[in-house]
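Only one structure is covered here, and it is reproduced in the block below.
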Amino acid sequence: MNYYISVIMSLSSSALPVLIAALRYKMLDKASRIIFYLLTLAFLTECVAAVVAYKYRNNLAVYNVSNLGQVFLIALYFNYCSNTLKRRNIGLLIGLFSIVVGVLNMWFLQPIKTYNSNYFLYQTLIVLALGMFVYTQFLLNQTYLKIQRSPHFWFILVLFFFYVFNFFTMSLYDYETRHLNGYKRFIDYSIAYLSATTNIAFTLVFLFYPRLKLRYVG
């Protein structure tokens, strides 16, 4: 895959769910709007990262800084998915704590211009933990007969898909760079395809949003 084709694919796929969500904005609940903000941040990150990569040949700093905002928005999203989390703003507190963790990791452990594997592992664990908590509440809520009809069921599933597979892919990145540099491009292609697939999945959820039912769990 040509580098410029990869950039175009990344920018166009990340713009698509933002556009569809913007058209649906008035009907979105608060949690879904946070997903919209998250996707908007991701799109802007891709735009800035493309420019920085072209100019400086290293755009990891862009992604590392953006990850601080993304994990905050994800935690805030879960905060508004569950009344239990919302009552004490647990998601908000986790989001603020996560920003501190990210800054400390860049300051003491992994410099801002390197891949922050520690923090991405932390992000993945946060998504899985909060997602499983909300899913458990879905199942325990007797009035929630068809959880697959909730947009939040699908939003969380897409987040699971992205973080689990992206963590697996990125965990190979350093090894490929150091020992199999000739094959590193396959990791780059995998990341690009994974991001595109994730963005298409978010787009589909927003497209079918009017047919889904918004319910909240305790």
Problem set entry | Thr114-Tyr189 pseudo-label distance in nm [points 7 Å out on the Cα-to-Cβ vector] | 2.9
For this session: Whole number in Å², please: accessible area per residue of the chain, 1.4 Å probe, ligands, DNA and RNA not counted.
Result: 55
Exercise. Taking 0.36 nm per intervening residue step and subtracting the Cα-Cα distance, what contour gain separates Leu121 from Arg33 on full extension?
Worked result: 29.1 nm
Problem set entry | Estimated FRET transfer efficiency (Tyr54, Thr197; beta-carbon r; R0 22 Å; 0.05) | 0.35
Problem set entry | GNM top mover of Leu128, Leu39, Leu73 - the chain, alpha-carbon springs below 10 Å | Leu128
Exercise. Counting only pairs 8 or more places apart or on different chains, how many lysine pairs in the chain have C-alpha atoms closer than 20 Å?
Worked result: 7
Exercise. Dipole size in debye (nearest 20) for the chain around its Cα centre, Lys and Arg Cβ +1, Asp and Glu Cβ -1?
Worked result: 660
For this session: Can you tell me how much longer the chain between Ala22 and Ile99 gets when fully stretched, taken as 0.36 nm per residue apart minus their C-alpha distance, in nm with one decimal?
Result: 25.0 nm
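The values are calculated or read from the model by the stated rules, or taken from the named source; none is laboratory data. Nothing here was measured: the structure is a model prediction, and the numbers come from that model. For neighbour counting, all protein chains shown are included, and Cβ atoms are generated from backbone atoms with ideal geometry for every residue, glycine included. Note: accessible area is taken over every heavy atom of the protein model, side chains too, but ligands, DNA and RNA are not part of it. Shrake-Rupley method; radii C 1.70, N 1.55, O 1.52, S 1.80 Å.
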